[in-house]
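Take a look at the structure below.
What follows is calculated from the coordinates using simple rules that are stated; it is not laboratory data. In this text, all values refer to a predicted model and were calculated from it rather than measured experimentally. Quick reminder, even Gly has a Cβ in these numbers, built from the backbone with ideal geometry, and neighbours come from all protein chains shown.
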Amino acid sequence: MIEATYKKGDRVRHPSRTEWGVGVVNKIEIVTRTGSTDLRVWVRFPSVGEKTLLASVAKLELVENKEFSAGSSAGSSAGSSAGFSAGFSASLHARPSVIDVDVATGGGWLASISKKTADDLMTTLPGEATDPFCSLRRRLELSTNLYRFDGTPARLVEWSIAQSGLDDPMSRFNRQELEQLYKRWIFNLDAHVAKLLGELRRERAVIDQVLLTAPPLAVKSVRRLQSSLK
């Protein structure tokens with residue numbers, strides 16, 4: 001049984017993968033699973049590319065146009081940099097892709113500036129993980145979940161797709177560059193998590209609860225950071 005319907009062009013959010021941001025529905029197909037009708041939905045997310053999802057499993061949330069455009073409309077009146085800051089802090093869906101950065105800085109004409117800016121984008125943490133309007137616990141949950149990108153070859157590729165917004169990051173960076181950028185990113189993540197742990201130092205129970213569902217690298221990193229804070 002189909003519990004939700006979508007149409008091409010709808011903006012949706014995956015409730016279990018909020019770091020993917022707001023995606024756009026590209027295609028819908030009706031399928032039959034175990035005697036029930038379901039929807040197979042193709043959604044392009046700016047941070048991880050296109051994903052094929054089953055509506056009954058993903059339970060995608062429709063995002064109203066006014067919600068999606070709120071940040072950009074407010075930012076446009078204050079200038080492009082203000083618009084970027086507002087959108088970026090709201091959620092990862094507002095962060096530009098490497099292509100956006102290249103276009104904004106002139107691409108090949110200003111290659112050195114573009115390269116530096118793209119590198120900065122690759123080493124910046126998602127806005128939701130650092131959003132001061134989120135509770136400390138929520139920020140810690142989102143931040144520790146980022147440790148699923150543990151630097152292994154497969155995860156390095158997933159991380160580079162999420163950070164760059166490119167389906168094929170190797171078309172823009174070579175493997176050595178990605179490895180170096182990942183090291184800078186994980187350093188920034190450690191520093192951010194250490195700050196959160198400092199603010200939650202009187203709430204050890206909250207930290208322990210968050211770690212119950214955190215990736216293995218997150219548990220290891222948090223314990224290491226806690227030791228350094230003593």
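For this structure, a couple of remarks:
- Set of aspartates and glutamates near Lys59 by C-alpha distance (under 15 Å), chain-local residues within fewer than 8 positions excluded: Glu3, Asp10, Asp38
- Here r is the Cβ-Cβ distance between Val206 and Ser171 and R0 is 45 Å; the resulting FRET efficiency, rounded to 0.05, is 0.60.
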